[in-house]
Amino acid sequence: MFIILKTKDLKTIKDFFKKLNLPKKHSHKGQNGKVLIIGGSSLFHAASLWAAETASYFVDMVHYSSTEENQKIFLNLKTKFRNGIIVSKKDLIDYVKEDDAILVGPGMVRKDISNIKNQISKIHIKDQNELINIKDEGLYTYFLTKFLIDGFVEKKFVFDAGAIQMMDKKWLLKLKTKAIITPHQQEFEQVFGEKIINLDFDKKIELVKKYAKKYQVVILLKAIKDIVSDGEKIYVIEGGNQGLTKGGSGDVLAGLTVSFYAKNGALESAVFASILLKLTADELFLEKGYWYNIKDVIETIPKVLKKIIFNL
């Protein structure tokens, strides 16, 4: 059995969002969430910025770490991202320790390691300095993801994009706190080795539940109908429209997910994020049809959440 949440069923959606932890009346700076977003590369820098900008609406502090391989891009990011703090690689682990939840992967480089997987699986990165000295960005994605899982088993992680594509699924079993992974259907196949794209919907639900349970994670499978499961409960989220096919919607979803996970449970955070993104697409359709961009999405999300929470 699974629960269907439809964006057009606003009463059910509002009831579900009653579970969301809101900022406390007498809270102080940092008590409503601090997140670290690790992403980007010399090839893809916008993706992680979209995630970071999204998160900046919902938590007290966003720490953002991207590539320094291309110094011009890195300096340019400092001028563009003003809603958080940019963290260099040498200081990264300090913020991993400090922050409530960590997103790893948007915009990070992937690399075909099939021919050298046995070789690199025997390499153990002992400290941050060894990690920094990895110059190949694809290998950096691989070893960073492994290093974080090995060293911070209690942390709340969200793995997206490059991190999903480079990880070994067995790593997830080391974690003592449930991670959230946000694959699209091809990434699901890459990490779990199970073809899913051409299966009927009930079979997709079965596989998402199966692998969420086996690897003790929450899976948010991105599709026309999102499927979210922790291996026990299953939610199917219906809504949104074709405007979400544009590049960047997955990065926004990842940013939302890590924001909610800072102060909420893993399963609920993934469902909150899926619903809110699809509701935002519905809202934008009324004004712009399918012809909105990621900037429109990021700026509209807080307004949509306000309507849900305060019933306006």
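Bear in mind these aren't lab numbers, they're just calculated from the coordinates by the rules spelled out. Just so we're clear, the structure is a prediction, and the values are computed from it rather than from any experiment. As a convention, Cβ positions derive from the backbone with ideal geometry for all residues, glycine included, and neighbour counts pool all protein chains shown.
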- Packing rank of 108-121, 88-101, 139-152, 250-263, where each peptide gets the mean count of other beta carbons within 10 Å, highest leading: 250-263, 139-152, 88-101, 108-121
- Ranked list, fewest to most other Cβ atoms within 10 Å of each Cβ, for Thr7, Thr182, Thr79, Thr12: Thr79, Thr12, Thr7, Thr182
- Task: Give the residue from Phe157, Ser56, Ile13 lying farthest towards the positive end of the charge dipole for the chain; charges sit on Cβ (+1 for Lys and Arg, -1 for Asp and Glu) and the dipole is referred to the Cα centre.
- Result: Ile13
- If you place +1 on the Cβ of every Lys and Arg and -1 on the Cβ of every Asp and Glu, how big does the dipole about the Cα centre of the range 13-167 come out, in debye to the nearest 20? 400
- Item | Value at 222 nm in deg cm²/dmol, rounded to 500, when DSSP H runs of n ≥ 4 in the chain each add -39,500 (n - 2.57) | -13500 deg cm²/dmol
- Item | Measure of compaction for the chain (Cα Rg per 2.2 N^0.38 Å) | 0.95
- Query: Taking the Cα atoms of the range 171-277, what is the range of coordinates along each of the three principal axes, in descending order and whole Å?
  - Reply: 37, 35, 22
- Which order do the peptides 229-238, 297-306 take when ranked by the mean count of other beta-carbon atoms within 10 Å per residue, highest first? 229-238, 297-306
- Tell me, how many Å apart are the Cα centres for the range 78-153 and for the range 1-29? 32
- When you count, for each residue, the other Cβ atoms within 10 Å and take the mean per peptide, how do 35-41, 194-200, 241-247 rank with the highest first? 35-41, 241-247, 194-200
- Item | Relative contact order %, the chain, counting alpha carbon pairs below 8 Å whose residues are six or more apart | 20
- Query: What fraction of the DSSP beta bridges in the chain is antiparallel, stated in percent and rounded to the nearest 5?
  - Reply: 25
- Query: So what's the convex hull volume per residue for the Cα atoms of the range 102-257, in Å³?
  - Reply: 117
- Can you sort Trp171, Trp50, Trp291 so the residue with the fewest Cβ neighbours within 10 Å comes first? Trp291, Trp171, Trp50
